[in-house]
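Trainee: Dropping a structure here in structure tokens format, bear with me for questions.
The values are calculated or read from the model by the stated rules, or taken from the named source; none is laboratory data. For clarity, every value in this text was computed on a predicted model and none was experimentally measured. Here Cβ is always computed from backbone atoms with ideal geometry, including for glycine, and neighbour counts include all displayed protein chains.
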Amino acid sequence: MTATFGKLQGQTLELRDGLNMLCAPNEAGKSTWCAFLADMLYGLSTRERGPLADKNRYAPWSGAAMQGRMELSAQGQDITITRDTQRPNAPMGAFRAVYTGTAEPVSDLTALSCGEILTGVPREVFERSAFIRQSGMAVDQTAELEKRIVSLITTGEEDTSFTESRDRLKRQLNRRQHNKTGLIPQLRAQLETTEADLETLRHLSGQLSAYRREIAELEIREQAIREELSQLDRWAASQKWQELEEARQALESARQRFERFRSRLEAARIPENDTIGRLRGAIVNLETLRRSVDKARSDRDEAAKAVLRVESAMLKSPFTGQTADQARRAVRTDLSGKIPGSVAAGELGLFFLFLAAVGAVFALLYARMSTLELPLLGTVPWLLPAGVAVVIAAVGGGLSRLYRRQALEKLRRASLQKRFGTTDQAAIDALADTYLELLDQRNQAQGELSAKTSTAEALSASLTTNEQAILLEVRRFAPGAFDIPTADGVLRTCAIRRLELQEAQSALGEAQMRWDYLSRQLPQEADTQQAAPPQRSREAAEQALEEVRRQLQDRRSAADTLTGRIVALGDSVQLEARAQALEEQLTELQGQYDAIALAMEALEEANGELQSRFSPALGRRAGEIFTRLTDGKYQRVTLDRQLSAAVEAEGDAVARDACLLSQGAFDQLYLAVRLAICQTVLPPEKAVPLILDDTLTSFDDDRAAGALDYLREMSGERQILLFTCQEREARHFAGDAGVHIVRL
């Protein structure tokens, strides 16, 4: 075999007849080779999904296309099988089988039939018998394996399976009845529906008859109301002739009244409404203008009063009569340049008094110094008196100037007190500021007075002009109107006359419209004779007719609905025939159901008999193998139809279920069952190879040796491929030329 499959990248494996022991550590590709061999025989399924599907699990790690080649011998012929990938969605989908060394194809081998033709069994049987994985030692029942076992103990035919037959019968039984589903419940439901339709049809037919009677009565009532409305129409026509005559008389009266008012307005030369409105609006505007004149005059008087108030305040100021510049200069009055005579005489007398004192002092000092013998004075006898005189003169001059300053200050204070009533310069400045503000206020008030006086005079002139214009125009049609109130009264009277004419004209128009409307509404051939008055009003009769029509429509609609339902339900004769047919079908299906149930009971009995025939034989053969593998500890193996096993040890009174065994004993038991199935089920002429993938891992050394010896014996009948990760199997067959040991 040459494989590009999973981790195998073009690797080759050569095998021999008999027992082939393939030794390799974990993850060396043992399980990959096993899967490759099965897929080469039976093909790679593309329907499986998920990461554990072979097409995904064994995709080549290198990314290359999945492919393989196998050379084998079957019934004396050497055959070469190849599977290749041509489309990504169909891995190993290209199949070819030829005779080895030639290009001649093997005619009966195809991609689907190859494995079953070469091994003699389908893939399900092969994987549950000759293909033994470590994780799949236990074998479960399938229809294919069951067929194979049954064929061995009955007629040899492989197209019969109790499971398939029971499932087919079960499907047929469920098809007829399963809980609330199936043909029988459906027929019962249809029968109930048909009977209900019959009952509904009878009930609806009764209702339809009642509705038809009501419809006939309502049609008679409708015709009677129509006759009543015709009588109302005749009576209404006679009334309209009367109304038309009254309208004609009212029209003539309105026309005469309109002509009377129009002649009176023309005689009085009453102006048009727009002239009256314009003049009355002008009079209203006069009143507004008059109020504006009164307001302007009032504002002018208030401005004059404001001027008088400011001037009165100015008369109380010590600066009254002065301009602003004069007031500012008066605040800073200086008397130094105007020395009064009394002050000058006092100052001069004081000065001469000092001079006299100086002369006396000089004479005394001079007379005194003449008696003293002083060197300096001897040379200049007048020096000392002169010095003293100078000092006294200076003191006298200073005293005279001090006297003048005090005298002038006293005079200034007296003048300020007399004029302003205070000598405080700050208060005088405040009086001056107040006077200056009053000056500004007076100027502003005089300006406002002048402006408001002009406004009042202008408005008064406009008022006089407008009054004259209005009176001049009014006197054209009212010569006696010489003042505004008289003119306003005249205009009011004119407006009333015009309004009366308009009302007369409107009444004339309405009368004309009413006469036109009534003349159009009156029928051409109306009965002018007085008809009998109706028993009730038209509104009541129309409401009654509308109610009858509504009821009639409802009954007809209900009758139509009932008719539609009756038509939808069908003819009563057909419904009765259908109910009878459904009862017959139901009776027939019930008979079939009972027959199928009886057949299933018979099949169960037959299957029990078959089990009693094949289970002991298969269990006996598995027991023989299990006894050898366990060195005689267990004597008997029993199997049920699902191939669940139980064992009896030597000395035990009852059998123990396989799940109660240890893992090693459990694997040994099912290896024995597998080998028994291979010897029992697989066709001996095909010599189907036996593939074991790490099957002996959980075996102890003694039982592993027993299993290896038994496999060595079986290798004389068929080729065996034993994949293992342990060295004890290789050591066990060391030196045995009949065992082919390959190390991967």
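Trainee: Given the structure, is residue 697 of a type in the set (Val, Ile, Thr), surrounded by fewer than 16 Cβ atoms within 10 Å (Cβ to Cβ) and outside any helix (DSSP H, G or I)?
Mentor: yes
Trainee: Here is a follow-up. Could you check the stretch 293-329 and list, in sequence order, the residues that are among the small types (Gly, Ala, Ser), surrounded by 17 or more Cβ atoms within 10 Å (Cβ to Cβ) and within 30 Å of residue 465 (Cα to Cα)?
Mentor: If the condition is that a residue be among the small types (Gly, Ala, Ser), surrounded by 17 or more Cβ atoms within 10 Å (Cβ to Cβ) and within 30 Å of residue 465 (Cα to Cα), then 296, 303 are the ones that fit.
Trainee: Do we have residue 115 as within 26 Å of residue 9 (Cβ to Cβ) and modelled with pLDDT of 90 or more here?
Mentor: Yes; evaluated as a whole, the condition is true for this residue.
Trainee: Considering the stretch 35-51 alone, what residues qualify as being assigned to a helix (DSSP H, G or I) and either more than 25 Å from residue 108 (Cα to Cα) or free of Cβ contacts under 8 Å to residues at least 60 places away in the same chain (or both)?
Mentor: The answer is 35, 36, 39, 40.
Trainee: Tell me which residues, restricted to the stretch 1-34, are under 16 Å from residue 93 (Cα atoms) and of a type in the set (A, V, I, L, M).
Mentor: 3
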